[in-house]
1. Leaving out ligands, DNA and RNA, what percent of the accessible area of the chain is carbon and sulfur, probe 1.4 Å?
2. If ILE131, ILE15, ILE28, ILE227 are ordered by their accessible area, calculated over protein heavy atoms with a 1.4 Å probe, which sequence runs from highest to lowest?
3. For the stretch 19-77, state the average projected area of the convex hull of the C-alpha atoms over all orientations, rounded to one decimal in nm².
4. Heads up, I need the accessible area for SER47: 1.4 angstrom probe, whole protein in place, Å², nearest 10.
5. Using the crude model of +1 on Lys and Arg Cβ and -1 on Asp and Glu Cβ, and no other charge, please compute the dipole size for the chain relative to its Cα centre, in debye to 20.
6. Å³ per residue of the Cα convex hull, for the stretch 183-269?
7. Per residue, how large is the accessible surface of the stretch 213-263? Use a 1.4 angstrom probe and give square angstrom.
8. Any idea what the relative contact order of the stretch 54-149 is, in percent, if you count C-alpha pairs under 8 Å spaced at least 6 apart?
Amino acid sequence: MSGYRHPRSSALDCILSSFQMTNETVNIWTHFLPTWYFLWRFSMLCSTLDFLTESYTWPLLVYLLLICLYPFTSSCAHIFSTMSDEARHICYFFDYGALSLYSLGCAITYGSYVMPDCWVNSWLHQHFVTIAICNSLFCTSMSCYSRFVELQFPHKSKILRTAAFVVPFLFDSFPLFYRLLSCCWGSCSPSEALASHSYHLLFAFLTCFLFASHLPERLAPGRFDYIGHSHQLFHVCAVVGTHFQMEAVLTDMASRKDWLTSHSFLPSFLGTMGVLALGILLNLAIIGTFSAGLPRTPRQSTSASSGAHLHQE
């Protein structure tokens, strides 16, 4: 209800607003600072792993690149979204595209390191990344489309946008669900990796709940405008969940290396970096298509009316 920036800010004004208290300030920093944490972890792993020549590490390389990309893109979207109505939409198109690519990176990594033993070399394992590419395109297309119906049908827009991200998450997580349920049934012994995977899933569900529910601000409108609203909380849950996911992936990668390399095919350059390049190109094409469909004529807007959507992104 308060704390909005001017809806026609310059790029410099947007950057300077990151150091002023608005209802976007915490949104910006809760993803900008984790970007540097993930970059630091990436640099540390570069000193211990051979990403250039050891193909077994290539899925991890794709994953690490994307967990650095998605929070940085989100932070930039929150910074520059008040330059204009058109800029706001394009900023969040790129935000959605980065999250979509992150889901693809998760699928590449899960298919290489996390797949249950009994699923290795199955039809699903062989086509896991291919289906994930389709999910990524669905995610970007549906989330971008949801912005076009947001004003006329806000409830429908929310459902479409939530579904756009839930579908890839559920698909990527099928191997995890199976492994966790197998342990609950006594078919496996608990491990450090599964504990981290469990924490990741917990924070992922919290992220979805906060995004969809708009708690706590819906219970006390105006009280959480600057600090404590759901978008800030789901940013925090998302990056904490990604941290646990990274730890789980690293544990699975190390502990299962001998078994996986002897029972499954090694990752290929085309199946990792090639898929990433294809995903980037296709998602950029989708973003370009939706950006071209935006109205070009400036519309009258007040700070409150234009800003009213920013908290919902």
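The values are calculated or read from the model by the stated rules, or taken from the named source; none is laboratory data. Owing to the predicted nature of the structure, the values given are computational and were not obtained by experimental measurement. No Cβ is skipped: glycine too gets one built from the backbone with ideal geometry, and neighbour counts run over all protein chains shown. Accessible surface is based on the protein model in full, side chains and every heavy atom, while ligands, DNA and RNA are left aside. Shrake-Rupley method; radii C 1.70, N 1.55, O 1.52, S 1.80 Å.
1. Result for the chain: 72 percent of the exposed heavy-atom area is carbon or sulfur.
2. The ranking, largest first, comes out as ILE227, ILE15, ILE131, ILE28.
3. 4.3
4. 90
5. On the way: 15 positive and 17 negative charges, 150 e Å.
Computed about the Cα centre, the dipole is about 720 debye.
6. With only Cα atoms used, the stretch 183-269 gives 142 Å³ per residue.
7. Numbers: 2340 Å² over 51 residues.
For the stretch 213-263, the solvent-accessible area averages 46 Å² per residue.
8. It rounds to 31 percent for the stretch 54-149.
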